[in-house]
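A short write-up of the structure that comes next.
The values are calculated or read from the model by the stated rules, or taken from the named source; none is laboratory data. Keep in mind that what you see is a predicted model, and the values were worked out from it rather than measured. In this analysis, Cβ positions are derived from the backbone assuming ideal geometry, glycine residues included, and neighbour counts consider all displayed protein chains. Ligands, DNA and RNA are excluded from the accessible area calculation, which covers all protein heavy atoms including side chains. Shrake-Rupley method; radii C 1.70, N 1.55, O 1.52, S 1.80 Å.
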Amino acid sequence: MKDSEISNLIYNHYKNYKNISNYISNYNCNCFIKNRFFKAKSNYDHVKFIKEIRRKTLENYNQALNSNKYVKRIVYKETNNSLEFAFAFGKIINENVNLYLHKTKAFSMNDIKENDLAEKIKKIKIKKFNKLSSITLLDDFEKTKSNIIIKVKLKKNSQKENSHIIFHIVLEEKNNNSRSSTYISIPFSSICFKQFSKRKEKSFLGIKFRNKESDLPYYLNGMFKKNSWKEFESIFNFKINFYEYKEENENDYTSSCTDYLNNINNNNNNNKINIQCNNSNDVVALPEFKENIPQNYYQELNSHNINQKNIENNREKKRKPLCIHVYFFSLFK
């Protein structure tokens, strides 16, 4: 895929975020980080603090968590600006799969949840988003018996440059007899060890513990041995899930076409067309209007810009043929 196509996918992914919550795929990868941060027998206060958080979390937290709602933070301790991490993809990588790393400066440190990214996208035009984004082809593979390891270079966030970089991995799977399937990872970013946990109560993990944020066990489970609050893993393991990108997400106004059509107040029941929405099993009855369609209606449809306020107002009035024409042709777009 071209760089612009990948950026457009990410943009549309968040532009239509309300429609993708159920599209978590079976694809995932694991980010491995060598533990250069904690020693089990250390007497440092920040190590004791993390152990105490882990102990209380094991006792009190509900482990059935949906941690995909948060931007993931990958901890580092390196001193150079370029950070290299290992992502393990199992055996899903083959000659039919392309991997890309998308990074963007379109978001800020205050955008901590996926919904925050979606809200920010509403205020950014796609041309500006593309200018703030860059793409890297991931082709540095290392094969083992059970895994394919891909080395990924990430960049530090810089307060001096007022820079906060959000990353996504995009997986393109080419199919022989159909269009390619595309998968977009949950968002992630880098964070230094000092911010991650060394500041104790004021650290990233300390704040999550104080606020009882649901993804705290995501980090602790990846850092500690199973069901232990005393022993750290030698290699941290953080799972990165993928969304399956759906083409119909690009037309978010059609996703609720059934709801709109069922609310049309139609008094003519003699001449109807039964149609089925692309992303629904519901069949709705639509009055048949095939004549006298002004040319500018097509321009309105192509713009994908149906005014929601007008739709709400029309629900309280007797529907005019104009409104019905718009819905009719959007379904056959």
*Which condition breaks for LEU137 when tested against (1) surrounded by 13 or more Cβ atoms within 10 Å (Cβ to Cβ); (2) touching a Phe, Trp or Tyr at 6+ places or on another chain (Cβ under 7 Å); (3) within 19 Å of LYS155 (Cβ to Cβ)?*
(1)
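Give me the residue from region 1-46 that is within 12 Å of the chain's Cα centre (by Cα) and among the charged types (D, E, K, R) and, out of that set, surrounded by the most Cβ atoms within 10 Å (Cβ to Cβ). Write out each step before concluding.
First, the residues of region 1-46 that are within 12 Å of the chain's Cα centre (by Cα): 9-25.
Still in the list and also among the charged types (D, E, K, R): 15, 18.
On the way: LYS15: 19, LYS18: 12.
Only one residue tops the list, namely LYS15.
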*Filter region 171-196 for residues that are at pLDDT 90 or above, among the polar types (S, T, N, Q) and part of a strand (DSSP E or B) and give the result.*
THR182, SER185, SER189, SER190
*Read through the list (1) open to solvent by 80 Å² or more (accessible area, probe 1.4 Å); (2) in contact with an Asp or Glu (Cβ under 7 Å, 6 or more places away or on another chain); (3) outside any strand (DSSP E or B), then give the number of the only condition that LEU117 fails.*
(1)
_Single residue of LYS151, LYS91, LYS143, LYS127 found to be more than 17 Å from the chain's Cα centre (by Cα), basic (Lys, Arg) and under 15 Å from ILE169 (Cβ atoms)_ = LYS151
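Can you find, within region 63-114, the residue that is modelled with the lowest pLDDT among those that are among the charged types (D, E, K, R) and part of a strand (DSSP E or B)?
In this case the residue turns out to be GLU84.
Got a sec? Which of LYS226, LYS200, LYS212 is under 20 Å from ASP45 (Cα atoms), out of contact with any Ser or Thr (no Cβ under 9 Å at 6 or more places or on another chain) and surrounded by fewer than 20 Cβ atoms within 10 Å (Cβ to Cβ)? Walk me through it before giving the result.
Working: LYS226 fails: under 20 Å from ASP45 (Cα atoms); LYS212 fails: under 20 Å from ASP45 (Cα atoms).
Exactly one residue qualifies, and that residue is LYS200.
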*Please enumerate the residues belonging to region 120-159 that are over 28 Å from PHE89 (Cα atoms), polar (S, T, N, Q) and in a loop (DSSP other than H, G, I, E, B).*
GLN159
*Specify the residue that is farthest from ASN28 (Cα to Cα); the eligible residues are those in region 120-162 that are touching a His at 6+ places or on another chain (Cβ under 9 Å) and free of Cβ contacts under 8 Å to residues at least 60 places away in the same chain.*
SER158
*asked:* Need the failing condition index for SER180 against (1) surrounded by fewer than 16 Cβ atoms within 10 Å (Cβ to Cβ); (2) in contact with a Leu (Cβ under 6 Å, 6 or more places away or on another chain), just the number.
replied: (2)
